[in-house]
1. How do the pairs read when you match residues in region 67-79 that are exposed (fewer than 14 other Cβ atoms within 10 Å of the Cβ) with residues anywhere that are outside any loop (DSSP other than H, G, I, E, B) and at pLDDT 95 or above, using Cβ under 7 Å and keeping only pairs 6 or more apart or on different chains?
2. Looking at ASP113, ASP101, ASP81, ASP89, which is the one that is within 15 Å of the ligand (Cβ to nearest atom), at negative phi and of a type in the set (D, E, K, R)?
3. Could you identify the single residue in GLY359, GLY387, GLY378 that is within 16 Å of the ligand (Cβ to nearest atom) and at pLDDT 95 or above?
4. Of the residues that sit in region 43-65 and are away from the ligand (no atom under 16 Å from the Cβ) and β-branched (Val, Ile, Thr), which one is surrounded by the most Cβ atoms within 10 Å (Cβ to Cβ)?
5. For the condition in contact with a Gly (Cβ under 7 Å, 6 or more places away or on another chain) and either hydrophobic (A, V, I, L, M, F, W, C) or free of Cβ contacts under 8 Å to residues at least 12 places away in the same chain (or both), what is the one hit in VAL133, VAL127?
6. Name the strands (runs of 3 or more DSSP E) wholly inside region 205-300 in which the number of residues that are crowded, with 23+ Cβ neighbours inside 10 Å and not β-branched (Val, Ile, Thr) is 3 or more.
7. Just name the residue that is nearest to the ligand (Cβ to nearest atom) out of those in region 12-37 that are surrounded by 15 or more Cβ atoms within 10 Å (Cβ to Cβ) and in contact (Cβ under 8 Å) with a residue 24 or more places away in the chain.
8. So MET143 fits all but one of (1) in contact with a Gly (Cβ under 7 Å, 6 or more places away or on another chain); (2) within 16 Å of the ligand (Cβ to nearest atom); (3) of a type outside the set (Gly, Ala, Ser); what number is the exception?
Amino acid sequence: MFRVNDNFLKLSAGYLFPEIARRVQAYAGAHPNLAPRIVRCGIGDVTEPLPKVAIDAMHRATDDLASRDRFHGYPPPTGYDFVRTAIADGDFRSRGCSIDDDEIFLSDGSKPDASAILEILGNGNTVAITDPVYPVYADTNVMAGNTGAAKAGGGYEGLVYLPCTVANDFSPALPATHADIIYLCSPNNPTGAVLDRAALTRWVDWAMARGSLIAFDAAYEAFVRDESIPHSIYEIDGARECAIEFRSFSKIGGFTGVRAGYTVVPKSLSGSASDGARVALHPLWHRRWATCSNGVSWPVQCAVAALYSAEGRAQTRALTDFYLENAAILARACSALGLHVHGATNSPYVWTSCPQGLGSWETFDLLLTEAQVVITPGAGFGRCGEGFIRISAFNSRANVEEVAKRLSVLGAARVVSR
Ligand code: MLT
């Protein structure tokens, strides 16, 4: 009989966001009169229309497909040159980062890229992740066989966990033990914390000294407003030799449904083969794309390029400003209730303490049943997430203002629990 991938059997729970959706659906089914009141601030899914430049570009590109002269078939698997140039110029060279066009690999999003990258990394790497963490980094490594079994109290054997707590301002300390690969995310999902230049420099120096790889997730860089915070790890000397970077158009361009992102793999980055030979990662990643993908569709690539025009820049800035203002409204509401608020600046996520005496799933239940508001319980991101909830600012202004009012049930819960 054929064999399945046993590693999947190690996964301790379903993926976080479908699990939340299942609970919300069950509640809505049991309370049909309250179901229309439900406001979703759980998964970070955008609500606002795409920037006009992207819509216009997609319309034009669709017309191209209706014309024999302007027709486009298979795209280059790693992206059209004009798109890669726009990205390398707009996101890197304009910030003084030396990134070549052919180091940009366009894809359908950073989540698939974070998973696919494991195909070109060897078995047996020791992997370090933060706690709390975007669950994709942990789960994909479980699926790839880079961990042992699930632990009784949460987490997996074999993964190195780097606690991010109030005490360290949600900035992970360097690992005390060896790690071959470390996932860093800034601005962070879920905590909203940012890694400053000094912290990123420490990580790059650490990775360079050990021959380790940093998988840097910058999916939320467009929300950085503090000029001193790096948008890319390539703003740090040495990063070209030790880091790859994931980027996404989901939040900057509202592309969660359109699907586009990219990964930067510098040509100067190399790892070790099992015989000890040094092997560059870039050709492996290129080979992976050439074999496993037919790239991103013409209309979507045209929309991506449009985001880098002057008009596109202004429109994406307005979109991210809008969500940041939502975050500020939600953060003020939480603070007014006496909760300890983190994130929310340089980030679309509000990471706030639970009411005293309530766990994060209890807070989730309370908000769902008493206020019909969906948030994400911190425990879903790891053990150190317990005691916190994440509120997503991706919503309409009307919904955010409504949620800000309904959060008052948390104030009542806090008083009751004292
Ligand atoms: C989140 O809510 O954490 C993200 O939107 C989920 C994702 O990007 O996969």
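The values are calculated or read from the model by the stated rules, or taken from the named source; none is laboratory data. Keep in mind that what you see is a predicted model, and the values were worked out from it rather than measured. FYI the Cβ positions are ideal-geometry reconstructions off the backbone, even for glycines, and counts take in every protein chain you see.
1. What qualifies is ARG70/ASP64; PHE71/ASP64; PHE71/LEU65.
2. Every option except ASP113 fails the conditions.
3. Result: GLY378 is the single residue among GLY359, GLY387, GLY378 that is within 16 Å of the ligand (Cβ to nearest atom) and at pLDDT 95 or above.
4. Our first condition is that a residue be away from the ligand (no atom under 16 Å from the Cβ); within region 43-65, this holds for 49-65.
Still in the running and β-branched (Val, Ile, Thr): 53, 55, 62.
Values: VAL53: 22, ILE55: 13, THR62: 13.
Across region 43-65, the extreme among qualifying residues is VAL53.
5. Working: VAL127 fails: in contact with a Gly (Cβ under 7 Å, 6 or more places away or on another chain).
One residue alone meets the criteria, VAL133.
6. In region 205-300, the matching strands (runs of 3 or more DSSP E) lie at 213-217, 243-248.
7. Per the stated criteria, the residue is PHE17.
8. So MET143 meets the others, but not (1).
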